[in-house]
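Only one structure is covered here, and it is reproduced in the block below.
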Amino acid sequence: MNELIFCPRCASALDSREVAGRIRRACPDTACGFVHWDNPLPVVAGLVEYRGQILLARNAAWTEGMFALITGFLERDETPEDGIRREIKEETNLETDAISLLGVYEFMRKNELIIAYHAVCDGDIQLSEELAEFRLVAPHQVRPWRAGTGHAVAEWLRRRNLPVEYVESARMSIAG
């Protein structure tokens, strides 16, 4: 975890103290008044359905065999729906034809709040430099993991009366 050490306003060393009922990093200079609230970051995630299959992608920084949903940070002045459409287009070159909310999930390990969508997409897949590879997987072969976007995959499977079989891996896996 990257802890904020210095005040971004006045450069004083921050201390830890109770603010609004929680221990927070805050500027000791009362004239400055900066408090680091450390609120979760909003992340959008897309379970991309492409021609009847699910598109899972491997980030270029991940080890081989680790695949997950398309994700990205929500940008200023952007709705979550617009954000996931943008991320899907940027990372895969696909157009989103239909979109529906799967749910909102905590991801405390990374201090993120995930807003997950099911996105039906089409076009020619062209990966950005951020992604190393992708796989198209039959829906019944997708296996969620027990945190973050894995909960969205499990919800999508449940809505289709497909079996939900969790894996212990840190990312989505594929059966078989």
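The values are calculated or read from the model by the stated rules, or taken from the named source; none is laboratory data. Nothing here was measured: the structure is a model prediction, and the numbers come from that model. When we count neighbours, we look across all protein chains shown, and the Cβ atoms used for this are built from the backbone with ideal geometry, even at glycine. Quick note on the areas: whole protein, heavy atoms, side chains included, nothing else; ligands and nucleic acids left out. Shrake-Rupley method; radii C 1.70, N 1.55, O 1.52, S 1.80 Å.
Once backbone amide H atoms are built at 1.01 Å from N, GLU112 has LEU41, PHE107 as its partners under 5 Å, excluding neighbours fewer than 5 places away on the same chain. Taking amide H positions as modeled 1.01 Å from N, with prolines and chain starts lacking one, the residues under 5 Å from GLY103 and 5 or more places away or on another chain are ALA116.
Qualifying GluC sites (Glu not before Pro) in region 68-176, where qualification requires a DSSP coil assignment and no more than 10 other C-beta atoms within 10 Å, comprise GLU129, GLU168. Annotation for THR79 and LEU101: the two label points, set 7 Å from Cα along the Cα-Cβ direction, are 1.1 nm apart. For region 128-143, putting each phi into the Karplus relation 6.51 cos²θ - 1.76 cosθ + 1.60 with θ = phi - 60° gives couplings of 6, 5, 5, 10, 8, 6, 9, 9, 9, 10, 4, x, 5, 9, 7, 10 Hz, in residue order, rounded to whole numbers and with x for Gly and Pro. The H on the amide N of GLY72, modeled in the peptide plane, is under 5 Å from the matching H of VAL44, each at least 5 residues off or on a different chain. Applying 1/(1 + (r/R0)^6) with r as the Cβ-Cβ distance of VAL167 and GLN126 and R0 = 41 angstrom yields a FRET efficiency of 0.90. Working note: Karplus 6.51/-1.76/1.60 with θ = phi - 60° gives region 114-126 the couplings 9, 9, 10, 10, 9, 10, 8, 10, 8, x, 9, 6, 9 Hz, where Gly and Pro are set to x. P(r) for region 41-172, from all Cα pairs and a bin width of 10 Å, is 13, 48, 35, 3 %, short bins first.
Under the criterion of Cα pairs below 8 Å and six or more residues apart, the relative contact order for the chain equals 21 percent.
Report, in degrees rounded to the nearest 10, the 0 to 90 angle that the Cα long axis of helix 80-92 makes with the longest principal axis of the chain. Roughly 60 degrees, rounded to the nearest 10.
Note on the chain: with neighbouring protein chains present and a 1.4 Å probe, carbon and sulfur make up 49 percent of its accessible heavy-atom surface. Using the heavy atoms of the protein chains and a 1.4 angstrom probe, tell me the accessible area per residue for the chain in square angstrom. Dividing the accessible area of the chain by its residue count gives 56 Å².
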